[in-house]
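Input: a single structure, listed below in structure tokens.
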Amino acid sequence: MKKDETYIVHGLFNDDDVLINSIKSAQEKGFKVKEVYSPFPIHKLNDVIGLKSTRISYSALISGLVGLLLSVWMIWYMMIFDWPQNIGGKPIASFIKAMPAFVPVIFEIIVLFAVVFMVISYFFKNKLFPGNKKGNPDVRTTDNMFLVEFILNNDTKQIVELLKDTGAVEVKVFNVSDKKEIKFWQKSAEIISLLMIAITIISCNSNAPKRNPADVFMPDMYKSVAYEPYSENSMLKPVLGTIKRGFMPYEIDNTLQGYNNALASLKMPIKQTAFNLKQGKELYNIYCISCHGKNGDGNGKLVLNEKILGIPEYSKTKLPNITEGSIFHVITYGKNMMGSHSSQLTATERWQIVQYVLKLRE
Amino acid sequence: MEVHKINTPLILGNKTYKDITDDVTAPIKNKAGKLWWFAFLLSFSAFLAGVGAIVYTISTGIGVWGLNNTVSWAWDITNFVWWIGIGHAGTLISAVLLLFRQKWRLSISRSAEAMTIFAVIQAALFPIIHMGRPWLMHWMFPLPNTYGSLWVNFNSPLLWDVFAISTYFLVSLMFWYVGLIPDFATIRDRAIKPFKKHIYSILSFGWSGKAKHWQRHEEVSLVLAGIATPLVISVHTIVSFDFATSIIPGWHSTIFPPYFVAGAIFSGFAMVQTLIIIMRKVANLKNYITIYHIQMMNKVILVTGSIVGLAYATEIFMAWYSGVELEQYTLINRATGPYWWAYLTMVLFNVLSPQLLWFKNLRSSIVFTFILSIVINIGMWFERFVIIVTSLHRDFLPSSWRMYSPTYVEVLIFIGTLGFFFTLFLLYARTFPIIAQSELKTILKEENSIAKNKQANQSKEIK
């Protein structure tokens, strides 16, 4: 045998305990185990062959943290920054105040990130991917056999005998120079072609002109058989003059005439107090801030993001004529682009907001 | 050593490593029997009927269901919650029991996880159908769009559901697959036909079984279990938020999350029982899924069933204690109103029937367990029906009180999901390693010595 040749020695065992004993005695003789293939995890083995503990779980921690940051950022961007929608009167101007409702989604995204990236890095580290050629040298190692592999440069006789003496069922010796090395890229040719197909399919669609008009697959739900809500005949109207409990009717009409009436003669029924002002500020910061801005300068988030435009500044120079009455009227009925807030706010609450708007005008 | 270990081995029949491989791969190697084909055709035709009903619903509109203005949410959400609840047992068995180092999980975890995944698929169908235009399904996700990028509402429990269910599905799938890879490799290495070998070598991702790989495998499984445990609790908590965050009497209650989670585990374990009792017989796994396994699961059913009973009692107590007239009326209406029969079924099947498991000979009777498991799942279906329909059909405004009954379309859709579920499960049972055999091999020696000790003790006693 020549000195510079490399040999692979495989010892096959049919029992895990025998395997470990054999490895131990080989190690005593100074042989280094290259690899062990087994059909199931053997806990005792890791110490024997000196495996360091794995750090794969850190990838879950790190990607979980990334998920946390990303989800917080995404929700902040969508709900607070880009388009603060007022749904059910929940605070929309402050992430911290609105946060409790975001916890479930943040939690799910953390979990998703942690798991997906940990599993991907596990696949990557273990070189697991569809189409990969199998890595065990003997088919029986996934059934009931255990295989220990040594790589030697010199005489293999001693190790072969040792393995046989310590209970190996079978021992094989290979001359490595006989074996052809298969390159990684050749192995994964299948993967690459699959990837390319996927990329082609995805990229095909992106620049294609938009279908015009959009195809309607099943037009059923577009044309309602039932009456549309609030259309004629749609429902029985309540008896004239019916109001809901605790509701204060507002006598002035939603017309230009009504607006002028309110402007001229409607007076605030509640007192100017610090408490009312404080309430008004809080409600304003929930319902009005997204359009009118924190200081009433007409620079709310929706304006900055160009979702809605044409919002006036409250200042006395820009809106010289408005009065407490007209402000109340506008909150109640809305005006042009501004919607009515009468279903979200009671009359008292609207008056409290009026107090705050008046303060902002100063 | 724990006490039970001395008496009850988890693997019977003095198996060897090779026996385990042979027994687990047998259903894949052998041709399917008549019974399998019969079951498969039956469930597949049910599935097709369901597909027909779904297409009819979507092309005609939700009007073909029995919903009305008052009961605007009934059959679909009942089935959604029922299926997703069933799914939870799989994660519980493989994740929570792994954290508690319960070795009896090993023989059933694989099938329980398969059940999870198939059940979640059924559950996910219902909200998608209810959308009316399922091809716009992607609108549920926060994707940039042409409406000035109008985003989804992160305040809404329904959106939480979207994230919870999709995360849960993906995580369960990954957990399942990570465990499957080594077992697929076993099948790959034993396959004789080239086509089969090719398929399984793709599925096994080139698994080799190196020592380092096993070490990572175990670590990943452990971390996955650790993450899946809070996840599974969060998912059903969020499902219960769909109801609890609304102001409908009978829904607006803080007991809902724990009550739903316990109910989910309860019904899920019952479904696992149904499936594995059939499987151990058909696939000849009596030595791996022993009476002891069935007993252990029955104990879990007993505990969770009692929690569910306690939750029902708490609802009654809270209705009285809160002094809220609406809550009280809802409760009385549930028990004695037009849907009294549903309430009665729920109480009989969910609260009283599992109490029979206190008796050891019933707990270890396979026939009894099988019947009970089906009874429980019927009961849990009625629980959801009761919660949803009886709360809605008489709420604040007596002039709009209505009754609800499903149309044949709704019934067919439900039967369709049952068919789909069993179709998937039957296919799984013939093509997948139905027991986590590589994990099971790790406890073989220990269990064999327990079995031996037990035999020795018994023969001593006879002497």
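The values are calculated or read from the model by the stated rules, or taken from the named source; none is laboratory data. Please read these numbers as outputs of a predicted model, since none were measured by experiment. Cβ sites come from the backbone with ideal geometry, for glycine too, and all protein chains shown count toward neighbours. Surface areas here come from the heavy atoms of the whole protein model, side chains and all, with no ligands, DNA or RNA. Shrake-Rupley method; radii C 1.70, N 1.55, O 1.52, S 1.80 Å.
Overview of values
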read-out	value
Residue check, B:V282 touching a Pro at 6+ places or on another chain (Cβ under 9 Å), closer than 26 Å to B:I28 by Cα, modelled with pLDDT under 90 and surrounded by fewer than 16 Cβ atoms within 10 Å (Cβ to Cβ)	yes
Some residue of the range B:103-116 being free of Cβ contacts under 8 Å to residues at least 40 places away in the same chain and farther than 26 Å from B:A244 by Cα	yes
Filtered residue count, the range B:266-279, keeping only those that are surrounded by 17 or more Cβ atoms within 10 Å (Cβ to Cβ), out of contact with any Gly (no Cβ under 8 Å at 6 or more places or on another chain) and of a type outside the set (F, W, Y)	8
Condition broken by B:S306, with the remaining ones in (1) farther than 22 Å from B:I93 by Cα; (2) part of a helix (DSSP H, G or I) satisfied	(1)
Residues (among the aliphatic types (A, V, I, L, M), within 10 Å of another protein chain (Cβ to nearest Cβ), open to solvent by 60 Å² or more (accessible area, probe 1.4 Å) and part of a loop (DSSP other than H, G, I, E, B)) located in the range B:135-175	B:L150
Hits in the range B:154-192 (condition: closer than 30 Å to A:I308 by Cα and out of contact with any helix residue (DSSP H, G or I) (no Cβ under 6 Å at 6 or more places or on another chain))	B:S156, B:L158, B:L159
Output for the range B:432-463, where each listed residue is away from chain A (no Cβ under 14 Å) and not charged (D, E, K, R)	B:F432, B:I434, B:I450, B:A451, B:N453, B:Q455, B:A456, B:N457, B:Q458, B:S459, B:I462
Any hit, the range B:105-123, residues being open to solvent by 40 Å² or more (accessible area, probe 1.4 Å) and within 25 Å of the chain's Cα centre (by Cα)	yes
Residue in the range A:117-133 that is farthest from the other protein chains (Cβ to nearest Cβ), counting only those that are touching a helix residue (DSSP H, G or I) at 6+ places or on another chain (Cβ under 7 Å) and not in a loop (DSSP other than H, G, I, E, B)	A:F117
The one condition in (1) surrounded by fewer than 23 Cβ atoms within 10 Å (Cβ to Cβ); (2) of a type in the set (D, E, K, R); (3) without any contact (Cβ under 8 Å) to a residue 24 or more places away in the chain that B:R188 fails to fulfil	(1)
Number of positions in the range B:202-215 that are assigned to a helix (DSSP H, G or I) and either surrounded by 19 or more Cβ atoms within 10 Å (Cβ to Cβ) or more than 7 Å from every other protein chain (Cβ to nearest Cβ) (or both)	5
Residues (hydroxyl-bearing (S, T, Y) and in a loop (DSSP other than H, G, I, E, B)) located in the range A:134-159	A:T156
Criterion: in contact with a helix residue (DSSP H, G or I) (Cβ under 7 Å, 6 or more places away or on another chain) and more than 9 Å from chain B (Cβ to nearest Cβ) - qualifying residue of A:I80, A:I49	A:I80
Sole exception among (1) in contact (Cβ under 8 Å) with a residue 24 or more places away in the chain; (2) open to solvent by 30 Å² or more (accessible area, probe 1.4 Å); (3) part of a helix (DSSP H, G or I) for A:L162, by number	(2)
Complete set of residues in the range B:397-440 that are over 26 Å from the mean Cα position of the chain (by Cα) and of a type in the set (D, E, K, R)	B:R402
Given (1) without any contact (Cβ under 8 Å) to a residue 12 or more places away in the chain; (2) open to solvent by 50 Å² or more (accessible area, probe 1.4 Å); (3) part of a helix (DSSP H, G or I); (4) more than 30 Å from A:L162 (Cα to Cα), number of the condition A:I87 does not satisfy	(3)
Some residue of the range B:219-234 being under 25 Å from B:R334 (Cα atoms), within 14 Å of another protein chain (Cβ to nearest Cβ) and open to solvent by 20 Å² or more (accessible area, probe 1.4 Å)	no
Candidate set from the range A:60-75 (those that are at the interface with chain B (Cβ under 10 Å from one of its Cβ atoms) and open to solvent by 30 Å² or more (accessible area, probe 1.4 Å)); member that is nearest to A:N285 (Cα to Cα)	A:M74
Those residues of the range B:238-261 which are more than 14 Å from chain A (Cβ to nearest Cβ), part of a helix (DSSP H, G or I) and surrounded by fewer than 20 Cβ atoms within 10 Å (Cβ to Cβ), in sequence order	B:P258
Verdict on B:V55 being under 18 Å from B:E410 (Cα atoms), within 14 Å of chain A (Cβ to nearest Cβ) and open to solvent by 40 Å² or more (accessible area, probe 1.4 Å)	yes
The range B:349-377: number of residues that are surrounded by 16 or more Cβ atoms within 10 Å (Cβ to Cβ) and of a type in the set (A, V, I, L, M)	5
Residue in the range B:408-416 that is open to solvent by 70 Å² or more (accessible area, probe 1.4 Å) and acidic (D, E) present	no
Meets criteria (open to solvent by 60 Å² or more (accessible area, probe 1.4 Å) and outside the structural domain of A:N336 (by TED's automatic domain parsing)) for A:E251	yes
Complete set of residues in the range A:90-105 that are within 9 Å of chain B (Cβ to nearest Cβ), touching a helix residue (DSSP H, G or I) at 6+ places or on another chain (Cβ under 7 Å) and in a helix (DSSP H, G or I)	A:A98, A:F102, A:P104, A:V105
Among (1) open to solvent by 50 Å² or more (accessible area, probe 1.4 Å); (2) in contact with a Phe, Trp or Tyr (Cβ under 8 Å, 6 or more places away or on another chain) - the single one B:N68 does not satisfy	(1)
